[in-house]
1. Could you give me the residue pairs with C-beta distances under 6 Å whose first residue belongs to region 20-34 and is within 15 Å of D3 (Cβ to Cβ), whose second residue is surrounded by 15 or more Cβ atoms within 10 Å (Cβ to Cβ) and aliphatic (A, V, I, L, M) wherever it lies, and which are 6+ apart or on separate chains?
2. Kindly list, by first and then second residue, each pair from a residue in region 39-56 that is over 14 Å from A98 (Cβ atoms) to a residue that is small (G, A, S) and assigned to a loop (DSSP other than H, G, I, E, B), limited to pairs with Cβ atoms under 8 Å and residues at least 6 apart or on different chains.
3. Out of R17, R95, which single residue is of a type outside the set (A, V, I, L, M), loosely packed, with under 15 Cβ neighbours inside 10 Å and modelled with pLDDT under 90?
4. Can you name the residue in region 38-68 that is surrounded by fewer than 13 Cβ atoms within 10 Å (Cβ to Cβ) and among the hydrophobic types (A, V, I, L, M, F, W, C) and, of all such residues, is nearest to C26 (Cα to Cα)?
5. Can you name the residue in region 1-54 that is assigned to a loop (DSSP other than H, G, I, E, B) and hydroxyl-bearing (S, T, Y) and is also farthest from V81 (Cα to Cα) among such residues?
Amino acid sequence: MSDNTVTVLVVLRDEPRALTRLLVRCQGRSWTPVSLRSVSDGARCEVVMRLRVPGDRRGTAAQIHAQLARLVDVQHVAVDVAGGVPDAVAFGAVRRKAPWAA
């Protein structure tokens, strides 16, 4: 079984441990962050990251979306499975899936 790389966008309410809870959930599901970018405006925290996920059912886009959407303070989750592109391209692609994207 080989690993896949998935890009996710998670928007959380900007609470003191919001990013930690997100990373703990990823670690608990054996999803390894290989690249991460986080931006906060004081009210919400937008996290875009690439995850190395197992090639089994835990690594499907639907499973990742469901698990991350269950976290406390999560407002939006988007998952993009396109691999083999640079981080900047992958981050831009998943951000375009956000409802507020132009």
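The values are calculated or read from the model by the stated rules, or taken from the named source; none is laboratory data. Note that the coordinates shown come from a computational prediction; the quantities given were computed from them, not determined experimentally. Note that each Cβ is placed from the backbone with ideal geometry, even for glycine, and that neighbours are counted across all protein chains shown.
1. Here the result reads W31/L51; W31/V53; P33/M49; P33/L51, each pair linking region 20-34 to a residue that is surrounded by 15 or more Cβ atoms within 10 Å (Cβ to Cβ) and aliphatic (A, V, I, L, M).
2. V53/S30; P54/S30; G55/S2
3. R17
4. Once the filter is applied, the top-ranked residue is A66.
5. My answer is S30.
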